[in-house]
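First up is the structure itself, then whatever we jot down about it.
The values are calculated or read from the model by the stated rules, or taken from the named source; none is laboratory data. Owing to the predicted nature of the structure, the values given are computational and were not obtained by experimental measurement. Cβ placement follows ideal geometry from the backbone for every residue including glycine, while neighbour counts extend to all protein chains displayed. Ligands, DNA and RNA are stripped out before the accessible areas are found, and what is left, the full protein with its side chains, is counted by its heavy atoms. Shrake-Rupley method; radii C 1.70, N 1.55, O 1.52, S 1.80 Å.
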Amino acid sequence: MEKWAGLTATGTTTDPATMFLLQEYWWIIVAVLGGLFVLMTFVQGGQSLLHTASDDMEERAMINSLGRKWELTFTTLVMFGGALYAAFPLFYSVSFGGAYWVWMLILFGFVLQAVSYEYINNPNNLIGKNTYKAFLYFNGIITMILVGAAVGTFFTGSNFSFDSTTRMLEWGTAADGMNLRGLEAALDFSHGAWFNIAFGVLILAIARLLGALWLINDIDNNEFPELIAKIRATAKRCFVVFLVALVVVLFGLVTLKGYAYDIHTGKVFLEDNKYLHNLLAGYGIQLIVFLVGAVLFLLGIFKSIFGTSNDGIKLSGLGAVLIGIIVFTLAGLNGTAFYPSYADLQSSLTIQNTSGSENTLWVMTGVSVAVPFVLGYIAYVWYQMKKDGPITKEELEDPESHAY
């Protein structure tokens, strides 16, 4: 595995310093997209709160609010996956080639979501409105837990071996590990499933809190006072779950042995408190950003869930993005294997041994100039959808004013 050092996933030698900068740049891009995805999960979190509606009008207000934004969540997920595929193709082939059941279930959940918003309120639909609501719950709860568990494996590792010479992948090679094509992330407690599940529950709790904040902001508080009160009450209980899951995840990050590698030789080794070291590296910039994100996230919650304001989503949304960015930088920067193998340490994947060629990364770097324009377009569409103010009963009673 030492020949991986200084090489790309294509096996082409290149200038080490330039390549190192390009690889770090693209991992930061991936981290930013991952942070944006965390924000966009407010749609999934909102779907898990549909039970708070006590009548058809309240339910329609919630579905109308969330249905206008679901495409942005999926678009962000596609951008995140596309950036990983283009910049770090070996990760894509190893993860999707081995842990395909967990990824298939995640994608299946998003397919169910798209179908549900298309047909949930169509008259005389074939399988009934409650079936589509069940699909939205699946996407809002199960999919979020699976996404969190999958990200958890960036820290706990997966059960695979990869031969860089023959390019052969074997899944389930650890003698004491399960082989469920990715689902072992949530079932194999001898290899960190407790952390992965806690991470999944944390992602679900964050999504539900963001969903509650979004609904409080997007639905007229004066016309739907009972619904807003129930959303706040549910979110308060969810906040307790969030705190418990957060403590477990932070405990894991501080105490778990991290998968470090030598950037000169490519050799992977276990390091005590690796992720804590990563958090404190670089003059503590990552720690500062994480703390700023945490403070913003909590301020938004206390403003709109424990308080009476309706604009907490702005603070908590930005905080969620910053926290998401730091989680991904902890997993992949500072000489850390971002997709470790507990079956064979030297099969672990790093930004160094999984990236595309230097030419590919340079071309993509040029393309990345367009990212701010894409984000600007998303912001513009968001503004256009919000400029008419919160959802009112008058709007819902007009069949031509909404799609859901």
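Annotations
- From the list 157, 128, the one residue that fits, being surrounded by 21 or more Cβ atoms within 10 Å (Cβ to Cβ) and at positive phi, is 157.
- Helices (runs of 4 or more DSSP H) enclosed by the range 25-97 - at least 3 residues per element that are crowded, with 19+ Cβ neighbours inside 10 Å and free of Cβ contacts under 8 Å to residues at least 24 places away in the same chain: none
- For the range 253-290, the tally of residues that are exposed (fewer than 15 other Cβ atoms within 10 Å of the Cβ) and farther than 25 Å from residue 158 by Cβ stands at 7.
- Any chance residue 152 is open to solvent by less than 30 Å² (accessible area, probe 1.4 Å), closer than 20 Å to residue 344 by Cα and either in contact with a Cys (Cβ under 9 Å, 6 or more places away or on another chain) or in contact (Cβ under 8 Å) with a residue 40 or more places away in the chain (or both): yes
- Of everything in the range 113-125 that is part of a helix (DSSP H, G or I) and crowded, with 19+ Cβ neighbours inside 10 Å, the residue that is nearest to the chain's Cα centre (by Cα) is 113.
- Hits in the range 110-135 - residues which are out of contact with any Phe, Trp or Tyr (no Cβ under 8 Å at 6 or more places or on another chain) and in contact (Cβ under 8 Å) with a residue 12 or more places away in the chain: 133, 135
- Residues (farther than 25 Å from residue 148 by Cα and of a type in the set (Ser, Thr, Tyr)) located in the range 243-289: 265, 283
- Matching residues, the range 168-196, being more than 18 Å from residue 100 (Cα to Cα), open to solvent by 70 Å² or more (accessible area, probe 1.4 Å) and assigned to a loop (DSSP other than H, G, I, E, B): 175, 176
- Test: residue in the range 229-252 that is modelled with pLDDT of 95 or more, open to solvent by 70 Å² or more (accessible area, probe 1.4 Å) and closer than 30 Å to residue 394 by Cα: yes
- Complete set of residues in the range 312-337 that are part of a loop (DSSP other than H, G, I, E, B) and crowded, with 24+ Cβ neighbours inside 10 Å: 337
- Selection status of residue 309, without any contact (Cβ under 8 Å) to a residue 12 or more places away in the chain, open to solvent by less than 40 Å² (accessible area, probe 1.4 Å) and closer than 30 Å to residue 216 by Cβ: yes
- Within the range 212-228, being surrounded by 21 or more Cβ atoms within 10 Å (Cβ to Cβ) and among the acidic types (Asp, Glu) holds for one residue alone: 218.
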